[in-house]
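Heads up: the structure comes next, in structure tokens.
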Amino acid sequence: MEEKLITLYHRVMKRENFETAAKDLFDLLIAAQKKFPNKPRVLYVSIDGHRNAAGGFDEDMLELQKEFGRGFLAQFFTEVHFPLISDKNKEKQNNKIPDELQIFNANNKKDDSLNDLYIENYSNTEFQSEQDVYAHLQKISAFLKKYNQLDSHYALMDKEPYDPSGLLANWRLHLKDLIIELFNSFVHGNLISVAAMTRSLIESYVYLKVIKKEENARLLENWFLCSLIVGTKKYDKDNQDKILGILEQYCQDNSIDYLETYALLREGENSWLSTVIKKTNKQRISFKDACNYISESEVYNDFQDASSFVHGQDAISKMQPFLFYTSICHKFYTMMSYIFKAIKLYPITEEMAKEIDHLEVELAELMNKYKGCFDEI
């Protein structure tokens, strides 16, 4: 009987340099070996952009395909396929993979054209520049950089039994992007954006926590269908009918009562929670109800605080909200608390869990130090 072949695919993005792409490919290899030990592997790589004036690949991608791909990576696969090179391994696949990748004399030149567009505003970065705060930010940055490289690790994980379509995997990718952008915004002093994105992170955390708590395939499906139904309201009738027609066909194909589903989910963006959160007197389910359902009622207070920066009518929050360190520190503490909460909703290694615990202890110490600044002033 022919042994199962493990097929891996990676796409190199336009602004990724050689070092980033090589690290991603090596991490994908490591993850595949852990998930499917010593199974025959084949690798397919596509490359966006990275072209020179003559239309050929730039220096980074030539090095990735020739020196790194053929010269190093190919030995760990039965076949490798790059845009320029396709090689079959004439020897036995090497499964003795190094623990880590070391790149020497890497070409780290990066296109900085986007930096020319950036409007510098460092008025809200003094807190970040404090020696102890900066040292803590360095540790968080190192941790999140590692977390940012785990897509291949999560992609090879088995889907949850109640999530055959992989909706939670896509939700994790959204959370990861939100977390990275949120941290970057704080570092650059974009604190209004930080508050707005923290609100979004809190919402995502709560809804995901409900789904993880229930482990119910129909509930997860209702979340998706509810978004589709409620979203049709922004279209004209013809387009609404087209979308609902697709939904009806989907329900028929999956033995779902369309009329019952539509009646249940059209009541609002939280109506998909109605099977687990009961309301009387036809009251709609609120986000506060969801917070209470996961027994984390304090989350709603954090949500309200972040929301004040989103809504234009909240006058108090507009009056020099980041003048004192205590205010910035509080926003930082809330932001990081939910970053860690969101990350821990998905499986993490024992090492990552310990690192989060250590960072949370340091974060609490910073909070205790800076929370009294306002009183002193």
Scan segment 333-351 residue by residue and report those that are assigned to a helix (DSSP H, G or I), over 16 Å from residue 180 (Cβ atoms) and not charged (D, E, K, R). 333, 334, 337
How many of the residues in segment 155-181 are more than 17 Å from the chain's Cα centre (by Cα) and not charged (D, E, K, R)? 4
Could you check, for segment 279-290, whether at least one of its residues is over 24 Å from the mean Cα position of the chain (by Cα) and among the hydrophobic types (A, V, I, L, M, F, W, C)? yes
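How many of the residues making up segment 7-17 are hydrophobic (A, V, I, L, M, F, W, C), modelled with pLDDT of 90 or more and within 17 Å of residue 49 (Cβ to Cβ)? Step through it out loud before you land on a result.
Keep residues of segment 7-17 that are hydrophobic (A, V, I, L, M, F, W, C), which gives 8, 12-13.
Going one step further and asking which of them are modelled with pLDDT of 90 or more, we end up with 8, 12.
Okay, now just the ones that are also within 17 Å of residue 49 (Cβ to Cβ), so 12.
Qualifying residue count, segment 7-17: 1.
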Set 94, 52, 38: member being on the phi > 0 side of the Ramachandran plot, surrounded by fewer than 18 Cβ atoms within 10 Å (Cβ to Cβ) and not hydroxyl-bearing (Ser, Thr, Tyr): 38
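Taking segment 146-174, which residues are of a type in the set (A, V, I, L, M, F, W, C) and assigned to a helix (DSSP H, G or I)? Spell out how you get there, then give the answer.
Kept after step one, since they are of a type in the set (A, V, I, L, M, F, W, C), are these residues of segment 146-174: 150, 155-157, 167-169, 171, 173.
Across segment 146-174, the qualifying residues are 155, 167, 168, 169, 171, 173.
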Which members of segment 60-69 meet the condition of being of a type outside the set (A, V, I, L, M) and either touching a His at 6+ places or on another chain (Cβ under 9 Å) or crowded, with 16+ Cβ neighbours inside 10 Å (or both)? 60, 63, 65, 68, 69
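May I ask you to say which residue of 256, 246 is not in a helix (DSSP H, G or I) and not assigned by TED's automatic domain parsing to the domain that holds residue 171? Walk me through it before giving the result.
On the way: 246 fails: not in a helix (DSSP H, G or I).
The unique qualifying residue is 256.
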So which pairs qualify, if the first residue must be in segment 23-51 and assigned by TED's automatic domain parsing to the domain that holds residue 88 and farther than 17 Å from residue 96 by Cα, the second must be surrounded by fewer than 15 Cβ atoms within 10 Å (Cβ to Cβ) and of a type in the set (A, V, I, L, M), the Cβ gap must be under 6 Å, and the two must be at least 6 apart or on different chains? 48/13
List the residue pairs whose Cβ atoms are under 8 Å apart, where the first residue sits in segment 310-328 and is touching a residue at least 40 places away in the same chain (Cβ under 8 Å) and part of a loop (DSSP other than H, G, I, E, B), the second is exposed (fewer than 12 other Cβ atoms within 10 Å of the Cβ) and aliphatic (A, V, I, L, M), and the two are 6 or more positions apart or on different chains. 324/377
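Sort out which residues of segment 336-371 are of a type in the set (D, E, K, R) and surrounded by 18 or more Cβ atoms within 10 Å (Cβ to Cβ), and write them in order of number. It would help to see each step written out before you state the result.
Initially, segment 336-371 is screened for residues of a type in the set (D, E, K, R), giving 341, 344, 350-351, 354-355, 357, 360, 362, 365, 369, 371.
Residues satisfying the conditions are 341, 355.
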Within segment 353-370, does at least one residue satisfy the condition of being over 24 Å from residue 178 (Cα atoms) and in contact (Cβ under 8 Å) with a residue 12 or more places away in the chain? yes
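The values are calculated or read from the model by the stated rules, or taken from the named source; none is laboratory data. Everything numeric in this text was worked out from a predicted model, so none of it was measured. Every residue, glycine among them, receives a Cβ derived from its backbone with ideal geometry; neighbour counts consider all protein chains shown.
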